[in-house]
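Accompanying notes for the structure given below.
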Amino acid sequence: MFAILLSAGGTYFFWRALTSPYKGFAEPSKLVQVRKGLRTSTILRHLQSEGVIRDEYVPLVYIKLARYGESIKAGIYEFSRPESAAAVIDKLIRGEVVLKSVTVREGLDRFAVATLFVAEHLGTAKEWQAATSNAEPIRDIAPEATSLEGYLFPDTYKFSPGTGAKTIVGAMVANFRKHFAGEMAYITTGLTPHQTVTLASIVETEAKLPQERPLVASVYLNRYRTNMLLGADPTVIYAMKLAGRWDGNIRKADLMISSPYNTYRVHGFPPGPIANPGLASLRAAAAPAKTDYLYFVARHDGSHAFSTNIAEHNRNVEIYQRQWFRDQRAASQQVNGSTKTSGK
């Protein structure tokens with residue numbers, strides 16, 4: 001009888017120790033890293049020292065008896081409330097690791113991409129510079145590339161805290177291949193894949209409306225084919241970033257910056273992309289609209305007015321730029337005059 005009671009009591013206390021919620025750390029939340037290759041006992045000892053579980057022995061027995069054959073997944077886990085040892089073990093076996101989410105929008109250059117991830121402690125600035133400067137991952141499809149600019153596919157990425165830049169860059173390049181590398185065989189322009197990605201990066205930074213991407217691509221392709229200077233402001237901005245001169249404004253004097261990326265001075269496409277384009281811009285560059293357009297000017301509503309000759313373009317500049325600014329200035333003066341008259 002005593003043996004039965006002892007066994008029942010032992011089972012009760014074992015089960016209570018396993019299922020009773022526990023939080024032995026003072027912080028609102030605790031991040032604990034489980035490294036690959038560690039023994040189960042070592043992992044449990046680490047969890048106990050971090051205040052996640054009350055002791056290491058009961059969970060170890062539980063794993064050996066009830067979870068035999070199942071393994072704890074490596075990664076970084078977050079604990080924020082009292083949890084039972086059984087719940088903690090279930091989380092580790094399911095591999096519910098903490099993932100940091102970073103959204104890379106279309107048109108960001110590799111420096112801006114690095115800034116996003118570094119801010120989330122996913123690699124250092126030095127690591128990102130090294131990883132994105134190495135073009136080897138895309139050498140087979142773009143042998144002339146000198147960096148991974150243009151091949152860091154815009155998307156939302158999720159990684160465990162502490163993931164390094166090289167791993168993330170590899171995932172972004174793999175994402176580029178998944179979405180576009182297979183379509184490179186269907187490029188209609190005669191451009192190389194690298195030139196196509198370069199054109200797409202210019203389109204991405206110029207076009208605001210989806211339906212205009214193929215039109216903007218046609219403008220730059222027509223200029224390229226007629227040996228005109230591409231004259232794309234975003235390429236000048238990129239040249240200034242490389243030179244450490246970009247302050248958020250582009251001035252007339254900046255158009256003369258000495259750089260192979262300055263398409264106001266150097267004919268043809270720049271040496272490589274100036275940003276990371278999305279799939280729509282990549283497709284627009286691979287198969288642009290068939291037009292005779294050589295110029296376009298912004299209308300201030302996101303759209304552009306396209307033209308085939310300089311005379312028409314100058315008229316559009318007068319209407320949509322100079323006259324628009326005159327109208328805005330006149331409207332502002334009228335409002336200010338009314339305000340002064342009313343005494344407000």
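Among the residues of the range 171-192, those identified as part of a helix (DSSP H, G or I) and touching a residue at least 40 places away in the same chain (Cβ under 8 Å) are Met172, His179, Ala181, Glu183, Met184, Tyr186. Do the conditions hold for Tyr264, that is, is it in contact (Cβ under 8 Å) with a residue 12 or more places away in the chain, outside the structural domain of Ser133 (by TED's automatic domain parsing) and buried (at least 19 other Cβ atoms within 10 Å of the Cβ)? No, not satisfied. For the range 72-95, the criterion of being part of a strand (DSSP E or B), touching a Gly at 6+ places or on another chain (Cβ under 7 Å) and buried (at least 19 other Cβ atoms within 10 Å of the Cβ) is met by at least one residue.
Take the conditions surrounded by fewer than 20 Cβ atoms within 10 Å (Cβ to Cβ) and in a loop (DSSP other than H, G, I, E, B) and apply them to Leu255. Does it pass? Answer is no for this residue. I'd like the full set of residues that are within 15 Å of Val297 (Cα to Cα) and either among the hydrophobic types (A, V, I, L, M, F, W, C) or touching a residue at least 60 places away in the same chain (Cβ under 8 Å) (or both), limited to the range 224-237. Hits for the range 224-237 are Leu230, Ala232. Residue pairs whose Cβ atoms lie under 7 Å apart, separated by 6 or more positions or on different chains, with the first residue in the range 20-45 and within 23 Å of Val61 (Cα to Cα) and exposed (fewer than 13 other Cβ atoms within 10 Å of the Cβ) and the second of a type in the set (A, V, I, L, M, F, W, C) and modelled with pLDDT under 95, are Arg35/Ala74; Lys36/Ala74.
Quick one: is Gln195 without any contact (Cβ under 8 Å) to a residue 12 or more places away in the chain and assigned by TED's automatic domain parsing to the domain that holds Gly272? Walk me through how you get there before you give the answer.
Values: without any contact (Cβ under 8 Å) to a residue 12 or more places away in the chain: no; assigned by TED's automatic domain parsing to the domain that holds Gly272: yes.
When the stated conditions are applied, Gln195 does not pass them.
Within the range 274-330, the residues that satisfy the criterion of being within 29 Å of Ser133 (Cα to Cα) and aliphatic (A, V, I, L, M) are Ile274, Ala275, Leu279, Ala280, Leu282, Ala284, Ala285, Ala286, Ala287.
The values are calculated or read from the model by the stated rules, or taken from the named source; none is laboratory data. Everything numeric here is computed off the predicted structure, so don't read it as measured data. Because the Cβ atoms are built from the backbone with ideal geometry, glycine has one as well, and the counts that use them run over all protein chains shown.
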